[in-house]
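Worksheet: the structure to be examined is printed underneath.
The values are calculated or read from the model by the stated rules, or taken from the named source; none is laboratory data. Everything numeric in this text was worked out from a predicted model, so none of it was measured. No Cβ is skipped: glycine too gets one built from the backbone with ideal geometry, and neighbour counts run over all protein chains shown. Areas reflect the complete protein model, heavy atoms only, side chains present, ligands, DNA and RNA absent. Shrake-Rupley method; radii C 1.70, N 1.55, O 1.52, S 1.80 Å.
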Amino acid sequence: AANGLQVVHDSGIVHRDIKPSNFAVQPNKEVTLLDFATCAPAPDALDFRHKSIPNRAIGTPDYMSAEAMAGQISPSGDVYSLGVVAYEF
């Protein structure tokens, strides 16, 4: 799951809704990341100031970082959400 998310981030995309129901485990045990309906372009990798959409939190609140809840778009928000998913399992 983490490797797949890295590929997404390396492609310049932030998923913004990492949660258990957005993963599918294939019969060969590979994990597929699903549902890119809420994705957004990642901020420039050299610009660590996060882009923000005030009052525009997108995602599933139980899995969102504080920054994502504030509307900031950042790959680190996806990583936080993946950590929450991993903690639950």
Q.
For the range 70-83, give me the residue count where each residue is without any contact (Cβ under 8 Å) to a residue 40 or more places away in the chain and either touching a helix residue (DSSP H, G or I) at 6+ places or on another chain (Cβ under 7 Å) or in a helix (DSSP H, G or I) (or both).
A. 3
Q) What number of residues within the range 6-23 are open to solvent by less than 30 Å² (accessible area, probe 1.4 Å) and farther than 15 Å from residue 73 by Cβ? A) 1
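Here's the yes/no breakdown for (1) part of a loop (DSSP other than H, G, I, E, B); (2) over 11 Å from the mean Cα position of the chain (by Cα); (3) in contact (Cβ under 8 Å) with a residue 24 or more places away in the chain:
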| position | (1), (2), (3) |
| --- | --- |
| 5 | no, no, yes |
| 8 | no, no, yes |
| 18 | yes, no, yes |
| 21 | no, yes, no |
| 24 | no, yes, no |
| 28 | yes, yes, no |
| 37 | yes, yes, no |
